[in-house]
Amino acid sequence: MTVLLLILSIIPLIAGILIKVLYVPASEGIDISGAHIFFTIDLPLGGLPITESQVNSWLVILSLFFFCLFLTHGLKTKNMSRRQIIAEWIVNTVDNLVKTNMGEFFMGFGPFIAAMLGLSACSSLLTLIGLFPPTSDINVTGGWALLTFILITYYKFKAGPLIYIKSFGDPVPFLAPLNIISEVATPISMAFRHYGNVLSGSIISILIANLLTNVSKMIFGFLPGYLGGFPYLRVGLPAILSIYFDLFSGALQAFIFAMLTMLYVSGGFPEDEYFKRKRIKEAKKKQQVIENTNGGV
Amino acid sequence: MNNLDVISLNIWQIIISLLNLVILFLLFRKFLFEPVKKVIAKRQTEVESVYDKAAKAQDEADELKSSWESKMKTAQDEADKIVKEATEKADRRNEVMLYESREKAESIIRKAKADAERSKADAEEYIRKEIIDVSAAMTEQILAREINMDDHKDLIDGFIDNLDGSV
């Protein structure tokens with residue numbers, strides 16, 4: 001059962017490689033473009049192209065889902081397995097992160113932040129097995145940033161629309177236009193930061209690979225036939241570079257994205273006003289109840 | 001055109017990726033956070049129950065210990081009391097016995113004394129009678145004449161009384 005779940009969590013990644021090998025034509029030379037389009041569904045507003053980024057996102061989700069099941073099946077209170085220790089470590093770490101950055105009120109954000117970290121990091125790390133990273137598609141990071149924006153606005157609205165509108169004229173009223181711009185700029189900057197980092201990483205990887213191919217052609221070009229054409233320098237060196245561009249940058253961007261989400265959502269939430277309003281509402285409710293009981297008598 | 005442009009916005013793709021994140025959030029909540037938190041909470045309650053049990057056992061042991069100690073103390077007191085009572089009883093009996101034996105001894109002594117006195121008196125009486133008889137016979141012989149016992153009784157008695165005083 002355990003092994004089966006682990007295999008199930010790896011299968012989506014293998015499937016991704018297979019799909020890439022079967023359906024995506026190999027690019028030659030410097031070819032910087034977006035995701036490969038498999039097919040397009042006819043919808044208004046430009047239709048829905050099903051691309052590598054969509055497919056790879058789903059594969060990552062499937063893989064993470066099975067990995068979760070692998071970690072959490074057969075949880076025990078005594079004699080914990082190593083899987084359970086890992087699962088508890090993940091949960092506790094994310095919860096602590098949420099607690100320190102957002103406070104007790106937002107403890108329900110734990111799974112959301114974990115999902116954001118997992119999806120973003122694993123999407124970026126798909127480059128390690130040669131797949132197209134969905135995070136280098138602006139639509140993917142844009143979707144996440146849009147969700148963050150919705151959450152920010154939702155929590156700002158919690159203390160009532162009046163306080164939401166008032167928050168734009170914060171230090172001085174005439175700064176309101178700037179505040180509105182910065183409000184809108186928040187998700188856009190988040191989306192572009194993540195997308196740009198991952199995309200630039202893969203672009204640099206392509207450029208370096210191309211450079212190394214050319215240099216090795218120059219140095220070893222005198223060798224006869226196929227031996228001369230083989231890019232010797234591409235063995236090893238790009239792997240070292242990819243430790244930074246793929247591993248480090250991917251994980252860091254995921255962390256930054258989750259961190260910014262936490263800070264913006266909890267920072268925009270007018271806590272004092274919210275609890276004041278809540279108290280007033282509760283007091284009103286109590287009074288109403290008292291009045292009702294008095295009327296009944 | 002087989003590929004997307006590097007920057008190409010598509011509203012459906014944005015919505016799909018948004019929903020992807022929401023779906024993964026729900027999956028994580030249902031399959032990672034909830035079971036793990038449940039297990040942690042369960043373990044917490046188990047640990048607490050174990051601690052409670054241990055505390056209860058400790059309390060019981062303490063109670064038992066104190067009760068035993070008090071019992072031991074009362075037993076000691078009882079033993080002391082019993083020994084004391086026994087000693088007192090023995091003392092009392094000793095005294096009584098001593099008194100009784102003394103009394104007995106005294107009564108024996110008294111009896112012996114009385115016996116001795118009586119036998120002395122008897123002896124005196126006997127001696128007196130003998131003397132009377134002897135003196136009567138002697139006087140009879142000495143005077144060689146009949147003595148009227150009735151006439152001379154006063155004389156003899158006076159003599160014997162004198163004898164008594166001299167004796």
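The values are calculated or read from the model by the stated rules, or taken from the named source; none is laboratory data. What you are looking at is a predicted structure, and each value in this text was computed from that prediction instead of being measured. Note that we place each Cβ from the backbone using ideal geometry, even for glycine, and neighbour counts take in every protein chain shown.
Only one entry of A:A176, A:A191 meets the criterion of being assigned to a helix (DSSP H, G or I) and touching a Leu at 6+ places or on another chain (Cβ under 9 Å), and that entry is A:A191. Among the residues of segment A:114-147, the one identified as crowded, with 24+ Cβ neighbours inside 10 Å, β-branched (V, I, T) and over 9 Å from the mean Cα position of the chain (by Cα) is A:I138. For segment A:29-39, does any single residue satisfy the condition of being touching a Pro at 6+ places or on another chain (Cβ under 9 Å) and more than 10 Å from chain B (Cβ to nearest Cβ)? Within segment A:29-39 (the criterion being touching a Pro at 6+ places or on another chain (Cβ under 9 Å) and more than 10 Å from chain B (Cβ to nearest Cβ)), the answer is yes, since at least one residue qualifies.
Within segment A:108-159, no residue satisfies the criterion of being under 26 Å from B:F31 (Cα atoms) and of a type in the set (K, R). Output yes when any residue across segment B:44-58 is among the acidic types (D, E), within 8 Å of another protein chain (Cβ to nearest Cβ), without any contact (Cβ under 8 Å) to a residue 60 or more places away in the chain and more than 26 Å from A:A145 (Cβ to Cβ), and no when none is. Yes; the residues of segment B:44-58 include at least one that is among the acidic types (D, E), within 8 Å of another protein chain (Cβ to nearest Cβ), without any contact (Cβ under 8 Å) to a residue 60 or more places away in the chain and more than 26 Å from A:A145 (Cβ to Cβ). Across segment A:231-271, which residue is farthest from the chain's Cα centre (by Cα) among those that are surrounded by fewer than 19 Cβ atoms within 10 Å (Cβ to Cβ) and of a type in the set (D, E, K, R)? Restricting to residues being surrounded by fewer than 19 Cβ atoms within 10 Å (Cβ to Cβ) and of a type in the set (D, E, K, R), the top hit is A:R234.
The residues on offer are B:K56, B:K37, B:K65, and the sole one that is part of a helix (DSSP H, G or I) and at pLDDT below 90 is B:K37.
Every residue, every condition in (1) part of a helix (DSSP H, G or I); (2) within 24 Å of A:V91 (Cβ to Cβ); (3) among the charged types (D, E, K, R); (4) within 12 Å of chain B (Cβ to nearest Cβ), yes or no:
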{"site": "A:G108", "(1), (2), (3), (4)": "yes, yes, no, yes"}
{"site": "A:F112", "(1), (2), (3), (4)": "yes, yes, no, yes"}
{"site": "A:S124", "(1), (2), (3), (4)": "yes, yes, no, no"}
{"site": "A:A145", "(1), (2), (3), (4)": "yes, no, no, yes"}
{"site": "A:K156", "(1), (2), (3), (4)": "yes, no, yes, no"}
{"site": "A:I163", "(1), (2), (3), (4)": "yes, no, no, no"}
{"site": "A:F168", "(1), (2), (3), (4)": "yes, no, no, no"}
{"site": "A:P171", "(1), (2), (3), (4)": "no, no, no, no"}
{"site": "A:I181", "(1), (2), (3), (4)": "yes, no, no, no"}
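Applying the criterion of being charged (D, E, K, R) and closer than 15 Å to A:N92 by Cα to the residues of segment B:20-74, the residue that is surrounded by the fewest Cβ atoms within 10 Å (Cβ to Cβ) is B:K38. Filtered by the rule that a residue be small (G, A, S), crowded, with 24+ Cβ neighbours inside 10 Å and facing another protein chain (nearest Cβ under 7 Å), segment A:44-76 gives a lone residue, A:S57. Can you tell me which residue in segment A:90-102 is surrounded by the fewest Cβ atoms within 10 Å (Cβ to Cβ), limited to those that are facing chain B (nearest Cβ under 10 Å) and without any contact (Cβ under 8 Å) to a residue 24 or more places away in the chain? Across segment A:90-102, the extreme among qualifying residues is A:N92.
The set of residues in segment A:232-256 that are in contact with a Phe, Trp or Tyr (Cβ under 7 Å, 6 or more places away or on another chain) and either touching a residue at least 60 places away in the same chain (Cβ under 8 Å) or not in a helix (DSSP H, G or I) (or both) is empty.
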